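**Q** There's a structure below that I have some questions on.
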Amino acid sequence: MKKITALFLLCSAISWAQALTVGNEGNNKRASVSEQIGLAKITIDYHRPGVKGREGKIWGTSVAHYGLQDLGFGTSTAAPWRGGANENTTISFSENVKVEGRDLPAGTYGLHFILGETQDTVIFSNRSNSWGSFYYDPKEDALRVTVQHRAMDKSVEWLKYEFIDQTENSATVALMWEKRLIPFKIEADVNAIQLAHFKSELRTKPGFTWQAFVQAANYCLQNNIELDQALAWADEGINARFVGQKNFQTLCTKANVLFKLNRTAEAEKLMDEALPMGQVFELHQYGRQLLAAKNPKKALEVFLYNYKKHPNEFVTNVGAGRGYSANGEFKKSIPYLEAALKQATDDVNRDNLKNMIAQAKQGKDGN
């Protein structure tokens, strides 16, 4: 009886010990890597097996087998490789994405690989909480894509995932281990996702300020997308109940959208209304914006209006000098630029002004 009791206690102790959380299981390091494509967050959670002296004996062996195999455990008799160690390697997407050009909804997926001599199949399984690939079921596949792996010059000791070849709208996930790299490209419709978030957030606390509507409209302007929606948001910034305000920023934002829509007369009328509300830097930036839009005559009007409101200040002297120079009136520009040079407090501005003055004296526009 004592032996039975002792055996029971020993087994109970082992059972409890196995239920505890540990760090690296079987010397396989835990790891997680994340990246964002716009607002789309991608996270991969995995364990990192080591090469441990097995160079040349990883791929196509029992370590990382080719094809589908019966691993002798679990319910799967045709299991892919788990792309790591221990539990499922998982990949999560906060937004809908495309993988190798094919749609994949937001969610968390088990990540598996059918390895081959020259190419591999990457599997995204709707089941993400199994142990390894022992319970893999193809009926639970959300997506399969085929990719070409490639050789690396240097061996990677501990398996890792990295994000490479990044652009504003995409990134490539690269599984690297030993001397092999397995890539798959992920793309997100950054602008569509951003606009969807704007539309949702503007119905919550952030939408209780006119600044939020201006921000959303300006995003559309900067990316030249959904200009009708941008105009609606700009209107909300001015007129929304309890929120809208008629000020330089809101009127200027709406005017900029109208300019973009080639409704120039409406835009200019709105800016004429906005000018008296503008602060010195706001008016200066508007003048610079007009210069960039190749409208030097209107820019000069704005710069001189700003100078009249704020005479002989550094910013307004620079503006008047730029405005006259852009219109080819170089002799008139020089006194303003020289006055600004005396007021400049840093070397960058001093050097820029010296260059503009030198250009003006040669009859050249220094803008």
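**Q** Helix 314-326: angle to the longest alpha-carbon principal axis of the chain, degrees 0 to 90, nearest 10?
**A** 80
**Q** Too long at a 19 Å Cα-Cα cut-off: which of K98/K185; K199/K260; K41/K154; K57/K179?
**A** K199/K260; K41/K154
**Q** By how many nm would the segment from L227 to K52 lengthen if fully extended, with 0.36 nm per residue of separation less the alpha-carbon distance?
**A** Result for the pair: 57.3 nm of gain on full extension.
**Q** By how many degrees, between 0 and 90 and to the nearest 10, does the Cα long axis of helix 330-343 differ from the longest principal axis of the chain?
**A** 60
**Q** Now for a different question. So for the range 255-350, what percent of the C-alpha to C-alpha distances run longer than 18 Å?
**A** Percentage above 18 Å: 45.
**Q** Please report, in debye to the nearest 20, how large the charge dipole of the chain is about its Cα centre when each Lys and Arg carries +1 at its beta carbon and each Asp and Glu carries -1 there.
**A** That gives a dipole near 640 debye.
**Q** May I ask you to evaluate 6.51 cos²θ - 1.76 cosθ + 1.60, the Karplus curve with θ = phi - 60°, for each residue of the range 86-101 and list the ³J(HN,Hα) values in order in whole Hz, giving x for glycine and proline?
**A** Per-residue couplings from phi come out as 6, 4, 3, 6, 10, 10, 10, 10, 7, 9, 4, 9, 10, 10, 6, x Hz.
**Q** In whole Å, what are the Cα extents of the chain along the three principal axes, biggest one first?
**A** That gives 104, 51, 43 Å along the principal axes, largest extent first.
**Q** Using θ = phi - 60° and the Karplus curve 6.51 cos²θ - 1.76 cosθ + 1.60, what whole-Hz ³J(HN,Hα) does each residue of the range 237-246 get, with Gly and Pro shown as x?
**A** Coupling constants for the range 237-246: x, 8, 10, 4, 4, 6, 10, x, 9, 9 Hz.
**Q** Treating the range 25-188 as a set of equal point scatterers at the Cα positions, no solvent, please give the Debye-formula log₁₀ I(q)/I(0) at q = 0.18 Å⁻¹.
**A** -1.15
**Q** So, in nm, how far is label Q148 from label K298 when the simple model puts each one 7 Å beyond its Cα toward the Cβ?
**A** 5.1
**Q** What's the FRET efficiency of K361 with N239 using the Cβ-Cβ distance as r and R₀ = 51 Å, to the nearest 0.05?
**A** E between K361 and N239, to the nearest 0.05, is 0.55.
**Q** What aspartates and glutamates could a cross-link reach from K331, if we take a straight Cα to Cα line under 19 Å and drop same-chain neighbours fewer than 8 places away?
**A** Hits, sequence-local ones excluded: E301, D365.
**Q** Oh, and also: Under the rule of -39500 (n - 2.57) per DSSP H run of 4 or more residues, summed and divided by the residues of the chain, what mean residue ellipticity at 222 nm is obtained, to the nearest 500 deg cm²/dmol?
**A** -13000 deg cm²/dmol, from helical runs alone.
**Q** Taking the simple approach of a point 7 Å from Cα along Cα-to-Cβ for both E117 and W158, what is their distance in nm?
**A** Inter-label distance under the simple model: 3.5 nm.
**Q** Which ordering of I225, I58 is given by a fewest-first count of other beta-carbon atoms within 10 Å?
**A** Least crowded to most crowded, the residues run I225, I58.
**Q** Using per-residue counts of other Cβ atoms within 10 Å, averaged over each peptide, order 82-88, 324-330, 95-101 from highest down.
**A** Ranked from most to least packed, the peptides come out as 82-88, 324-330, 95-101.
**Q** May I pose another question? To the nearest 0.05, what FRET efficiency results for K29 and T61 with a Förster distance of 25 Å applied to their C-beta separation?
**A** That pair, K29 with T61, gives E of 0.75.
**Q** Right, another one. Report, to the nearest 10°, how far helix 2-19 tilts away from the longest principal axis of the Cα atoms in the chain, using its own Cα long axis and a range of 0 to 90°.
**A** Approximately 20 degrees, to the nearest 10.
**Q** For the residue pair T345 and F134, what label-to-label distance in nm results when each label sits 7 Å from Cα along the Cα-to-beta-carbon direction?
**A** Between T345 and F134, the simple spin-label model gives 6.9 nm.
**Q** Kirkwood hydrodynamic radius, the range 177-315, all distinct C-alpha pairs: what's the number in Å?
**A** Mean inverse Cα-Cα distance, inverted, gives 16.8 Å.
**Q** A follow-up question, please. Please report the relative contact order for the chain, taking Cα pairs under 8 Å with a sequence separation of at least 6, and give it as a percent rounded to a whole number.
**A** Here the relative contact order equals 9 percent.
Where a number appears in this text, it was derived from the coordinates with a stated rule and is not lab data. None of these values were measured; they are calculated from a predicted model. Methodologically, a virtual Cβ is constructed for each residue, glycine included, from the backbone with ideal geometry; neighbour enumeration extends over all protein chains shown.
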